[in-house]
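Student: What follows is a structure written as structure tokens; I'll ask about it next.
The values are calculated or read from the model by the stated rules, or taken from the named source; none is laboratory data. Remember, it's a predicted structure, so these values are computed and weren't measured experimentally. Reconstructed Cβ throughout: ideal geometry from the backbone, glycine too, with neighbour counts over all protein chains shown.
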Amino acid sequence: MNQSISASEALARLRVGNQRFATNQCIGNTLLNHTQRLESLACQTPFAIILGCSDSRVPAEIIFDQGLGDLFVIRVAGNIVAPSQIGSVEFAVSRYHTRLVVVLGHSHCGAVTATIEALLDGEDTESRNIAAIVNRVKPSVEGFLDTDLRHDRLALHRAAVRANVRASVNHLRHGSAIIESLIAQDGLVVIGAEYALETGVVHFFDELPSA
């Protein structure tokens, strides 16, 4: 199990793990023996929280080459932030003293594609539950519709994925008194990142604040 570590050390572990994954040099942390499983029964001390997309191609433990108990993972289509996601982050940062939160978007995101189609093609879903996801992504797309990106779906999608990640980061940073307090007083850091399906590489958007 991992002891509580700083945000900077947690980010370094994620970077190194992703480099192993992207270069086919994984060390096999996901292969667990019986003893390791029993040890995990007593407690968990995840060193990072990942709020990522439910897309089956973006499993956080695998792309960061981490094992059981290393990451506290929250997955939802479009890596959106709603009350349940905020509560999940609050739970982990309070109970486990985890000090790094990463909002992880990815290329070819289906939720972003659905949002673009709804805005440009009028392809609205009949499901109010899916619509609730799309509606949370819409603000990240709408700002680009008055630009030339409107005429380039691929470029629009790329820009919208990044904008959607940043919107979720901002929501987490400023949508919870608990999270805001820990950022201000106890070293909690919330940053955004994008995973490229094409290369396996995670690009982190933000540098950590200096100590």
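Student: How many of the residues making up region 179-202 are outside any helix (DSSP H, G or I), out of contact with any Leu (no Cβ under 6 Å at 6 or more places or on another chain) and small (Gly, Ala, Ser)?
Tutor: Residues meeting the conditions: 4.
Student: For residues that are assigned to a helix (DSSP H, G or I), charged (D, E, K, R) and farther than 21 Å from Ser56 by Cβ, tally how many sit in region 82-128. It would help to see each step written out before you state the result.
Tutor: So in region 82-128, the residues assigned to a helix (DSSP H, G or I) come out as 83-95, 110-121, 128.
The next check asks that each one be charged (D, E, K, R); those that pass are 90, 95, 117, 121, 128.
Filter again for farther than 21 Å from Ser56 by Cβ, leaving 90, 95, 121, 128.
Total meeting the criteria: 4.
Student: How many residues does region 66-81 contain that are at pLDDT 95 or above and either within 20 Å of Glu39 (Cα to Cα) or not in a helix (DSSP H, G or I) (or both)?
Tutor: Taking region 66-81 first, the residues at pLDDT 95 or above are 71-81.
Those still in the list that are either within 20 Å of Glu39 (Cα to Cα) or not in a helix (DSSP H, G or I) (or both) too: 71-76, 80-81.
Looking only at that region, the number is 8.
Student: What's the number of the condition Ala48 fails, among (1) hydrophobic (A, V, I, L, M, F, W, C); (2) surrounded by fewer than 17 Cβ atoms within 10 Å (Cβ to Cβ); (3) in contact with a helix residue (DSSP H, G or I) (Cβ under 7 Å, 6 or more places away or on another chain)?
Tutor: Just one mismatch for Ala48, condition (2).
Student: Just a yes or no: is a residue in region 116-134 surrounded by 15 or more Cβ atoms within 10 Å (Cβ to Cβ) and basic (Lys, Arg)?
Tutor: No, region 116-134 contains no residue that is surrounded by 15 or more Cβ atoms within 10 Å (Cβ to Cβ) and basic (Lys, Arg).
Student: With the checklist (1) assigned to a helix (DSSP H, G or I); (2) surrounded by 17 or more Cβ atoms within 10 Å (Cβ to Cβ); (3) touching a helix residue (DSSP H, G or I) at 6+ places or on another chain (Cβ under 6 Å) in hand, flag the one item Ala155 doesn't pass.
Tutor: So the condition that Ala155 fails would be (2).
Student: If a residue has to be farther than 24 Å from Val101 by Cα and either among the acidic types (Asp, Glu) or under 19 Å from the mean Cα position of the chain (by Cα) (or both) to count, how many in region 126-156 make the cut? Show your work before the answer.
Tutor: Initial filter on region 126-156 (farther than 24 Å from Val101 by Cα): 126-131, 142-156.
Among the residues that remain, those that are also either among the acidic types (Asp, Glu) or under 19 Å from the mean Cα position of the chain (by Cα) (or both) are: 126, 142, 146, 148, 152.
Total satisfying the criteria: 5.
Student: How many of the residues in region 51-77 are farther than 21 Å from Val189 by Cα, buried (at least 16 other Cβ atoms within 10 Å of the Cβ) and of a type in the set (Gly, Ala, Ser)?
Tutor: Result for region 51-77: 2.
Student: Identify, by number, the condition in (1) closer than 18 Å to Ala82 by Cβ; (2) of a type in the set (Ser, Thr, Tyr); (3) touching a Ser or Thr at 6+ places or on another chain (Cβ under 8 Å) that Tyr195 doesn't meet.
Tutor: Condition (1) is where Tyr195 drops out.
Student: Now for a separate question. I need the full set of residues from region 66-88 which are of a type outside the set (S, T, N, Q), within 11 Å of Ser168 (Cβ to Cβ), in contact (Cβ under 8 Å) with a residue 60 or more places away in the chain and out of contact with any His (no Cβ under 6 Å at 6 or more places or on another chain), in order please.
Tutor: Listed by number, the residues that qualify are Gly78, Ile80, Ile86.
Student: Moving to a separate point now. When the residues of region 23-65 are filtered to those that are within 20 Å of Glu9 (Cβ to Cβ) and among the aliphatic types (A, V, I, L, M), which remaining residue is modelled with the lowest pLDDT? I'd like the intermediate steps shown before the answer.
Tutor: To start, the set of residues in region 23-65 that are within 20 Å of Glu9 (Cβ to Cβ) comprises 27, 29, 43-51, 60-61, 63-65.
Next, from what is left, pick out any that are among the aliphatic types (A, V, I, L, M): 27, 48-51, 60, 63.
Numbers: Ile27: 83, Ala48: 98, Ile49: 98, Ile50: 98, Leu51: 98, Ala60: 97, Ile63: 97.
This residue is Ile27.
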